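Participant: Sharing a structure here in structure tokens format.
The values are calculated or read from the model by the stated rules, or taken from the named source; none is laboratory data. Quick caveat: nothing in here was measured; it's all calculated off a predicted structure. Here the Cβ positions follow ideal geometry from the backbone for every residue, glycine too, while neighbour counts run over all protein chains shown. SASA here: full protein model, heavy atoms, side chains in, ligands and nucleic acids out. Shrake-Rupley method; radii C 1.70, N 1.55, O 1.52, S 1.80 Å.
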Amino acid sequence: MSAKRENFGSRMAVILAMAGSAIGLGNIWRFPYMVGEHGGSVFIIIYVAATLLISLPVFVSEVVIGRRSRSNALTAFWKLSSGKRFWKIVGFLPIAIPLIIASYYSVIGGWSIDYLYKSAAMTFVHTEPSQVSAVFDSFVTNGAEPVLMHLLFLLFCTLVVSSGVKSGIERFSKITLPALFVLIVVIAVYSISLPGALAGVRYLVKPDFSALTPSTFAYAMGQSFYSLSLGMGAIITYGSYVSSRENILASSAGTAVSDLLFAILAGFAIMPAVFAAGIEPGAGPGLIFRSVPYVFSQMGQGAPVISSIVAAIFFLAVVVAAMTSCISLLEVGVAFLVEKFSMKRWHAGFLLFFLCGGAGVLCALDGRVFDGFDYLASNILLLLMALLAVVFVGFVMKKEDVRDELTNSGSLKGSGTLFPVVYFLIRWVAPPAVVLIFISNFIL
Ligand code: PFF
């Protein structure tokens, strides 16, 4: 029934592809602003702890589901639950959720392409913050431009996904991920070197215990889940391409560390420049599209060409980071269509292009649809699916099978000692923590 499955070629390829999924808009715009709002270094410490104790066990669980089943996300639940009705229904969730995210995510991807062009064309040189904001407002309300850019972004992602796991996804992330780290380091160095930038560094690292409230924990966990692409079927699907010789714990940890490192680098790329320009660190996508173009153009009053290049590099990084994430979202649906309906990859890719493209056009034209998609996917469905995945591995799959996956049937050195700890986190720490975030989203 199913076409021959491909595998990622090496541990590095697994980590780069998974980190490609994880590193995205969540790291570049959400993380830096969250750190500032929620107590600086205190937030970072909570974030790291949440990642190690809660997100990483969920991540590992998703990889286990993928690799054990060697199937797309729907078939994975069907196979491993031996066809139990509840889990058969659950299987549809990880196919549907990524389509919702891909639709609005690619709209922001499109904005970033446009801003890459605008920055390179020196549109923002010698402008005031109000002018930069006006450019953004008129751009997002000008139907045609954001729609076209969204489709262009999605088309590019579709082409990569349709080219295959190895020759598309693996090859693309092998080139772009290392480049992404270089770009963000270049911007961080430039940003920190600006006069007045130290205030931004302080904003990121200064512990502010007064900002610490119960909701800080919920924000840190929610951010960590989103950032690691959990609860979307993406990691289950990528997990299904991990070879049987690979060490799941090691590659999961490698992915989490890269994701965290990139988020911190993004913080140092953005905040020092924002402070140097005397701008209040704002929230959400606005920080990138309203403040950053101004920040870099303002800094370049003396050297507009250099500042425009830096702004263009910044948006190039945003575009690439968003692409590797969107690619993982599309791959969930492509794997499903190819395996369940014996479709050709190219056909599956373009079917999804039309589906997400169409829904994305609605998001690009109407901010309420955009916000609705984001809220539904990131605050509700993501948590629900992550909870189901970790409960599935902790309580539905046989312990022996999980042990086999995490120790490669006992052949991995040290994994036997680590297994009980990870299994405990999967069963007794992650599920209650996810339920708590879920509840706190409604009451805090
Ligand atoms: N992890 C991505 C980010 O931080 O931007 C977002 C994301 C991508 C979430 C892919 C889920 C996913 F499947």
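Participant: List pairs: first residue in segment 247-269 and farther than 24 Å from Phe419 by Cβ and in contact (Cβ under 8 Å) with a residue 60 or more places away in the chain, second residue among the hydroxyl-bearing types (Ser, Thr, Tyr) and part of a helix (DSSP H, G or I) anywhere in the structure, Cβ distance under 7 angstrom, at least six positions apart or on different chains.
Facilitator: Ala263/Ser227; Phe268/Ser191; Ala269/Ser191
Participant: Let me ask you something else. Is at least one residue of segment 334-345 open to solvent by less than 10 Å² (accessible area, probe 1.4 Å) and either within 16 Å of the ligand (Cβ to nearest atom) or at pLDDT 85 or above (or both)? Explain how you work it out, then say what you get.
Facilitator: Narrowing segment 334-345 to residues open to solvent by less than 10 Å² (accessible area, probe 1.4 Å): 334-335.
Within this subset, residues satisfying the condition of being either within 16 Å of the ligand (Cβ to nearest atom) or at pLDDT 85 or above (or both) are 334-335.
Yes, segment 334-345 contains at least one residue that is open to solvent by less than 10 Å² (accessible area, probe 1.4 Å) and either within 16 Å of the ligand (Cβ to nearest atom) or at pLDDT 85 or above (or both).
Participant: Which one is most open to solvent (accessible area, probe 1.4 Å) among residues in segment 115-131 that are in contact (Cβ under 8 Å) with a residue 40 or more places away in the chain and within 27 Å of the chain's Cα centre (by Cα)?
Facilitator: Taking the candidates together, the pick is Ala120.
Participant: I need every pair where a residue in segment 226-239 that is on the phi < 0 side of the Ramachandran plot and open to solvent by less than 10 Å² (accessible area, probe 1.4 Å) has its Cβ under 9 Å from the Cβ of a residue that is near the ligand (Cβ under 8 Å from one of its atoms) and not in a helix (DSSP H, G or I), sequence separation at least 6 or different chains.
Facilitator: Ser227/Ile23; Ser227/Gly24; Ile235/Leu228; Ile235/Ser229; Tyr238/Ser229
Participant: Can you spot a residue in segment 111-121 that is part of a helix (DSSP H, G or I), in contact with an Asp or Glu (Cβ under 6 Å, 6 or more places away or on another chain) and not aliphatic (A, V, I, L, M)?
Facilitator: The answer is no; no qualifying residue exists.
Participant: Select, from Ile248, Ile187, Ile235, the only residue that is under 30 Å from Leu329 (Cβ atoms), within 14 Å of the ligand (Cβ to nearest atom) and out of contact with any strand residue (DSSP E or B) (no Cβ under 9 Å at 6 or more places or on another chain).
Facilitator: Numbers: Ile248 fails: within 14 Å of the ligand (Cβ to nearest atom); Ile187 fails: within 14 Å of the ligand (Cβ to nearest atom).
Answer to the selection: Ile235.
Participant: Right, here's the next one. Is it the case that some residue within segment 57-75 is closer than 25 Å to Gly233 by Cβ, open to solvent by 20 Å² or more (accessible area, probe 1.4 Å) and within 16 Å of the ligand (Cβ to nearest atom)?
Facilitator: no
Participant: Okay, next question. How many residues does segment 19-42 contain that are within 16 Å of the ligand (Cβ to nearest atom) and under 21 Å from Gly222 (Cβ atoms)?
Facilitator: Residues flagged as within 16 Å of the ligand (Cβ to nearest atom) and under 21 Å from Gly222 (Cβ atoms) within segment 19-42 amount to 16.
Participant: Search segment 196-214 for residues that are under 18 Å from Phe268 (Cβ atoms) and pair each with any residue that is open to solvent by 70 Å² or more (accessible area, probe 1.4 Å) and not aliphatic (A, V, I, L, M) when their beta-carbon atoms are under 7 Å apart and the residues are at least 6 apart or on different chains.
Facilitator: Listed pairs, sorted by first residue: none to list.
Participant: With (1) modelled with pLDDT of 95 or more; (2) farther than 15 Å from Val332 by Cβ; (3) over 21 Å from the mean Cα position of the chain (by Cα); (4) open to solvent by less than 10 Å² (accessible area, probe 1.4 Å) as the list, and Gly40 as the residue in question, which single condition is left unmet?
Facilitator: The number of the failed condition is (1).
Participant: Can you tell me which of Pro272, Pro195 is exposed (fewer than 15 other Cβ atoms within 10 Å of the Cβ) and more than 16 Å from the ligand (Cβ to nearest atom)?
Facilitator: Pro195
Participant: When you look at Leu16, is it more than 16 Å from the ligand (Cβ to nearest atom) and either assigned to a helix (DSSP H, G or I) or surrounded by fewer than 16 Cβ atoms within 10 Å (Cβ to Cβ) (or both), yes or no?
Facilitator: no
Yes/no matrix, rows are residues, columns are (1) open to solvent by 10 Å² or more (accessible area, probe 1.4 Å); (2) over 18 Å from Ile101 (Cβ atoms):
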position: Arg290; (1), (2): yes, yes
position: Ile306; (1), (2): yes, yes
position: Phe314; (1), (2): no, yes
position: Phe350; (1), (2): yes, yes
position: Gly358; (1), (2): yes, no
position: Cys363; (1), (2): no, no
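Participant: Restricting attention to segment 203-258, report how many residues are among the hydroxyl-bearing types (Ser, Thr, Tyr) and more than 21 Å from the chain's Cα centre (by Cα).
Facilitator: Result for segment 203-258: 6.
Participant: Scan segment 78-107 for residues that are under 23 Å from the mean Cα position of the chain (by Cα), more than 14 Å from the ligand (Cβ to nearest atom) and part of a helix (DSSP H, G or I) and jot them down.
Facilitator: Val90
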